[in-house]
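Trainee: Starting off with a structure, shown below.
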Number of protein chains: 2
Amino acid sequence: MTLRQIGEEKLLAQILPTLGRDKRVIIPAGDDCATARFRAARELLVLKSDCVVEGVHFKPSASAVAVGWKAMMRALSDFAAISAVPEFALIALVISGRRKVGWVRDLYRGLARAAARFDVAIVGGETSDTPGNTALTVSVSGYVERDRCVARSGGKAGDDLFVTGTLGGSIRRRHLNFVPRIAEARWLTRHFPIHAMIDLSDGMGVDLPRLAKASKLAFTIEESALPLARGCTVEQAISDGEDYELLFAVPSRKRERLLKNWKKKFPKLPLTRVGKLIPHSGPSRTGTSHIPRFPSGYVHFKRRR
Amino acid sequence: MTLRQIGEEKLLAQILPTLGRDKRVIIPAGDDCATARFRAARELLVLKSDCVVEGVHFKPSASAVAVGWKAMMRALSDFAAISAVPEFALIALVISGRRKVGWVRDLYRGLARAAARFDVAIVGGETSDTPGNTALTVSVSGYVERDRCVARSGGKAGDDLFVTGTLGGSIRRRHLNFVPRIAEARWLTRHFPIHAMIDLSDGMGVDLPRLAKASKLAFTIEESALPLARGCTVEQAISDGEDYELLFAVPSRKRERLLKNWKKKFPKLPLTRVGKLIPHSGPSRTGTSHIPRFPSGYVHFKRRR
């Protein structure tokens, strides 16, 4: 059955019951807005929208379950990047009425599975017909304690730069089934003074300069130290996007204790010191200038994947 | 200059400064997530995503300013429908890299103008390339007091049904430049026990049965009482979508005081009693059964506009 045959109301009537009901939610999906009990006002509200587009972020032949998983996890990875806890998600799906209902059900299965992995409630959404390709926007809200909120801009000269996991080749391996580093980020900000953090969505070659620029600093990288994914070159580790690992800045005096405690807490996930933040040495030097061969990562509208 | 030539970062660098900075916002647009101070926990968090799609909700030739206005106001109209106050918006724009940068700037001008009209801060967003048509998702968060939150489901048998404004023909007149009834909804829930409310986005022929069904009731309508927009038939008043007026249920004992005080407060906007909620008279009667010629309004995937 196609979407046009079933219509939006019947489609939602099939999908909404499968999403479960969260006790924090007052008015559930299907009414005009979602409403939810909110936590104490001492915490910050955190908001993020992210979209995945057919022909850009996934192939028309991709598994709908995997596309749903990826769409949710991309937004959640941004929560990891500031050490926030996601709570509620809205889904906006733009899709041709000619598509099969089963595809949308599978998509929601992937979304719901990813949401459940981090105790996120899908509280509403919107579906629209389109004459074109499929586009899915996931909007997540949640919270972070004021003293654990990590922006990109807090890096200090001399901070060590660390990355979690391994870099490169995600597009061939796990860009559709990665798990955002929320648990790791929450552990980091609970135990260490993390000055700045970002998730590596566009590749370290793009995201590290972003962090440095936001912190008004330059950086150095030890290329030989980069934690390469199996079969990847240094070039790929720097340029490939969609690693969804964390890159963060922390005072160098914490280095030994961080590495020791990390290994106990996350024995299967590498943590690697890849370089440090340094002062700008002059007005002509930019954040990227210390790595002449730093290629650009994935930039929307400039390259497609 | 096209979007592909300018790239996402430069585009955002041009647009973000024009959105202004809101004092509630801690981490502004451009970081991984938006974060904002949240109000006291006694209020409910309210969340809504809504999308507009080129070729469905607007023509390729439509004014970008008007498209941005409409996209924001559609989501805000859902806030009006539950008497909520919108505070923060995220923008997710899916658009071809071949489109002109000026078009996107105009789009944001419309979004910002609509947001400013209701003191909403645009706190972040996401832009993605697409090989297809343009799609824009606006995700709004805000709050409502627990005792002023009006769902569709609270209607009682015997309640009067009122609509604001006039109905029909919006598609020819003002579907791109309407103003959501937030001020009116807030006034209503401050002064009257509103049992159930909905905004008329898909047409009364669809939205009234939705409200009745959610309240587990049937309804009667006095067709001769319908407030027709100039040049519209009863059929159009019932079937045309995108009126974005409020339809609400209130105890009939409040009728006189409501009409009198409304006229004082909103002298330019009609308020009309159009019918009432009644009990289901038997298992075979549905919410729509009392108006045999009630045609269906706009249903996504079934009809296009």
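Trainee: Which number comes out as Rg/Rh for segment B:172-242 once both Rg and the Kirkwood Rh are worked out on C-alpha atoms?
Mentor: Details: Rg = 13.5 Å, Rh = 13.8 Å.
On the Cα set of segment B:172-242, Rg over Rh gives 0.98.
Trainee: Further, regarding this structure: Taking all pairs of different Cα atoms in segment B:119-198, averaging 1/r and flipping that mean, what Kirkwood radius in angstroms comes out?
Mentor: Hydrodynamic radius (Kirkwood, Cα pairs) of segment B:119-198 is 16.5 Å.
Trainee: If you don't mind, there's one more thing I want to ask. Taking H as built 1.01 Å from N, whose amide H comes closer than 5 Å to the amide H of A:L167, not counting residues under 5 places away?
Mentor: Amide H neighbours of A:L167, under 5 Å, 5+ apart: A:L228, A:A229.
Trainee: Right, another one. Could you tell me what fraction of 2.2 N^0.38 Å the Cα radius of gyration of segment B:140-275 comes to, as a two-decimal ratio?
Mentor: Against the empirical 2.2 N^0.38 Å value, I get 0.99 for segment B:140-275.
Trainee: Right, next: If you count, for every residue in A:50-57, the Cβ atoms of partner chains within 10 Å of its Cβ, what is the mean?
Mentor: Averaged over the peptide's residues, the number is 6.
Trainee: In straight Cα distance, which lysines are under 27 Å from B:K276, not counting same-chain residues fewer than 8 positions off?
Mentor: A:K10, B:K156, B:K213, B:K216, B:K254, B:K260, B:K263, B:K264, B:K265, B:K268
Trainee: Let me ask something additional. Just checking the output field for A:120-131: average partner chain Cβ neighbours within 10 Å of each residue's Cβ?
Mentor: The mean count of partner-chain Cβ atoms within 10 Å per residue comes to 6.
Trainee: How well do other chains shield peptide A:138-150, expressed as the mean number of their Cβ atoms within 10 Å of each residue Cβ?
Mentor: 4
Trainee: Please list, by residue number, every one of the trypsin sites (Lys or Arg not before Pro) in segment A:79-121 that is coil in DSSP and has at most 15 other beta-carbon atoms within 10 Å.
Mentor: Filter output for segment A:79-121: A:R98.
Trainee: Then there is this: Give me the Debye-computed log₁₀ of I(q)/I(0) at q = 0.14, 0.21 Å⁻¹ for segment A:74-216, equal point scatterers on Cα only, no solvent, two decimals.
Mentor: The Cα Debye sum returns log10 ratios of -0.77, -1.32.
Trainee: Now for a different question. Give me the one-decimal nm value for the distance between modelled label points at A:K216 and B:F266, 7 Å along each residue's Cα-to-Cβ direction.
Mentor: Calculated label separation equals 4.9 nm.
Trainee: Could you give each residue of segment A:96-105 its phi-based ³J(HN,Hα) in whole Hz, using Karplus coefficients 6.51, -1.76, 1.60 with θ = phi - 60°, and x for Gly or Pro?
Mentor: Values per residue, Gly and Pro as x: 5, x, 7, 6, 6, 4, x, 5, 5, 4 Hz.
Trainee: Collect residues whose amide H, placed 1.01 Å from N in the peptide plane, falls under 5 Å from the amide H of B:I278; neighbours closer than 5 in sequence don't count.
Mentor: B:G158, B:A218, B:F219, B:T220
Trainee: Quickly rank A:153-159, A:69-75, A:237-243, A:260-266 as a protection proxy: mean count of other C-beta atoms within 10 Å, highest first. The partial results should precede the final answer.
Mentor: Details: A:153-159: 18.6, A:69-75: 26.3, A:237-243: 24.3, A:260-266: 13.4.
So the order, starting with the most tightly packed, is A:69-75, A:237-243, A:153-159, A:260-266.
Since every read-out is calculated from the coordinates, none of them should be taken as a lab result. Being a predicted model, the structure only gives us computed values, none of them experimental. Every residue, glycine as well, gets a Cβ built from its backbone with ideal geometry; the counts of neighbours run over all protein chains shown.
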